[in-house]
Structure formats: C-alpha cells, structure tokens
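Report on the following structure.
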C-alpha cells in the first residue's frame, strides 16, 4: 500500500532537484563559454583579450545563488512563516 506524500516535502524535493539541474546546466554552459574564450583568445594572445565569460557567470550566478537559497536555505516561505509565528507567540 502506498503511503500519502507530504506535500511540503514533495515540493521541497522538486525544488532541490530543479536546483541540481540548474547547477548542471550552469556548469556545462559556462565551461563551453570558457572553452570558446580560450580557443579565440590564444591565437590573439599578443593583443590581451578581456575574459568576457566572467559576465555571464556573474549574472547567471546571482540567479543560481537565489535558486540555491530557495531550495536549501532560508528563503523558504513556510520556514519564514513559522519563525514569524513563533516570534508572535513569544510577545
């Protein structure tokens, strides 16, 4: 017999799986961008090319960090609501 799922835990598990896919995509795409940079930079090494893949890494990294916090950290609405509720009980 199948036990019913806890909806909160199921949602949290889906968020964490989604973050892992996001991280994998981030790593693969940015590795590709750095590879493109290195292939195009070395033939022109004397001209001193700027490492442009830094910009997509930083911009996308901010989104990735917020995704991490929502999946693993303190951006969870239920936990924040519980903390606020406990504060109100103490007052």
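The values are calculated or read from the model by the stated rules, or taken from the named source; none is laboratory data. The structure displayed is predicted, hence computed values, not measured ones. Cβ atoms come from the backbone with ideal geometry, glycine included; neighbour counts cover every protein chain shown.
Of the set (1) closer than 30 Å to residue 12 by Cβ; (2) at pLDDT 90 or above, all apply to residue 34 but (1). Within the range 1-18, residues that are modelled with pLDDT under 90 reach partners that are in a loop (DSSP other than H, G, I, E, B) with beta carbons closer than 8 Å, at six or more positions or on different chains, in the pairs 12/76.
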